[in-house]
1. Taking the highest mean first, how do the peptides 275-287, 310-322, 96-108, 421-433 order by number of other beta carbon atoms within 10 angstrom per residue?
2. For the chain, with only Lys/Arg (+1) and Asp/Glu (-1) charged at the beta-carbon, what is the dipole magnitude about the Cα centre, in debye rounded to 20?
3. Roughly how far apart, in whole Å, are the Cα centres of region 363-435 and region 43-88?
4. Tell me the angle of helix 376-385 to the major Cα principal axis of the chain, expressed in degrees between 0 and 90 and rounded to the nearest ten.
5. Pairs Lys17/Lys210; Lys13/Lys278; Lys93/Lys165; Lys93/Lys210: which are spaced more than 24 Å apart, C-alpha to C-alpha?
6. So with the 1.4 Å probe, I'd like the accessible area per residue for region 199-245, rounded to whole Å².
7. What Kirkwood radius, in Å to one decimal, follows from the Cα pairs of region 53-154?
8. So, with a 1.4 angstrom probe, what is the percent of accessible area on the chain that is carbon and sulfur?
Amino acid sequence: MSESIGNSGKGTKLHTKILLGLLIGAVVGIAANQLLGGDHAAVVWVNKYLAGPVGQIFLRMLFMIVIPLVFASITLGVAGLGDLGKAGRVGGKAIAYFFASTALSATLGLIIVAAVRPGESLDPAIRESLLQQYAGDASSRVEAAATSTFGIGTIVNIVTRNPVKSAVDLDLLGIIFFALMFGAALTQIRADRAKPMIGFLEALNDVVIKIVGFAMRLAPYGVAGLIFGVTSAFGFHLLKPLAAYVLVVIGALLLHVLINLSAILRFLVGISPMLFFKRIRSALVTAFSTSSSSGTLPTALAVAEQNLGIPPQIAGFVLPLGSTMCMNGTALFEGITVIFLCQVFGVDLTMGQMVVVMIMAVITAIGAAGVPGGSIPLLVGILTMFGVPGEGIAIVLGVDRILDMSRTTVNVWGDLTATAFVAKSEGLWNASMVPAVEGLDRGASDESPGWPPPMQRP
Ligand code: ASP
């Protein structure tokens, strides 16, 4: 059997090509930055006419299908679960898991940043120069923060007034709510009436998954282009003064994966974390290069269903919710950044305030959009709560892209772990159902049907 994303079926395996693209893009980008400088005419030209467009086309291919994919997969998920009660139970379980795992990651981040105290070693002169350099960018983020506070309005807004507008604005929560209602209603009407609609949505879903296949064939080049864009323009000189902070964030993200997520996978899901990692690699690389959980959703759904064998009605239901609500990496990053900036500005927090930071990091991570920098406006909101000027975000903006790539990867890792957890606890899936995938665990076979494989629906 060879059902996989990451296996192009001929020659070098697709996931190997994607990793190669990542590596080549990064190495060439860093070399260009170091040898020529990010604003050298040749580097600018390559970014404008080659790397940039290729990366953008890949990203747009993914974003193009997010809305139909979320609508079809959630509706079919609810219809597949059979009734609203069951969908409510699965949804409730998923959301409880999102909260618990996000609280776990935020707490880990807080413990590490409180122990290492990277903010205390930042030279005040560097602080001032960073504040000035990124002041413009920061003030637009501070303005955005004013309109994106989390409150009762956020909950009311989930009930979309106009699903078409939600689709246009890429408001995933609005679309998810509409799809939930649509799927629930489908289970309540006469079966002979529901049948053609379900058939239509299944076909839509298959078509969209086919387009993910097209996009993934472009992935090696798109990923290389996106990474070249980041590394060639990246101010590596910024890394030095902020090294302690960047290392704390990346180290804590790694620990969350190695300790928390691995323990959940091994003990609660019953699957080897290494096997899990191998099966979801294509989604992780996509998350890393796009910095967007929403943009990674098509790939994440494909790996969950094809490489892990998770039933579509669970994956199609939990993953879209997770891609906007379950952000382990973002909460951890937010917690660390708030404490880091408090240390930089000499704001001392009590234990009680630390707990408030943790709670706010979890709530805002759940409210953040799964797009590049989606959490920054909300983060600015938390900073002001603790007396750190919102403009203080300027200090970390210069290195945010690298942190965004890393936290988004952990967000997607967390979403897929959540999906496996829910599928296992519902008794619909277990590790023995992970299909053997040629090209992922063994050599690629010439008889491989290529990508995408036919969808299996229950
Ligand atoms: N880029 C992140 C994501 O899409 C959100 C964020 O933390 O800014 O998951």
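The values are calculated or read from the model by the stated rules, or taken from the named source; none is laboratory data. Small disclaimer: the values here were computed from a predicted structure and weren't measured. Virtual Cβ from ideal backbone geometry, glycine too; neighbours counted across all protein chains shown. These accessible areas exclude ligands, DNA and RNA; they are computed on the full protein's heavy atoms, side chains included. Shrake-Rupley method; radii C 1.70, N 1.55, O 1.52, S 1.80 Å.
1. 310-322, 275-287, 96-108, 421-433
2. About 860 debye.
3. Cα centroid to Cα centroid, the span is 17 Å.
4. 50 degrees
5. Going by Cα-Cα distance, Lys93/Lys165; Lys93/Lys210 fall outside the 24 Å limit.
6. Here the residues of region 199-245 average 39 Å² of exposed surface.
7. After inverting the pairwise mean of 1/r, the radius is 19.2 Å.
8. Using a 1.4 Å probe with all protein chains present, the chain comes out at 67 percent carbon and sulfur.
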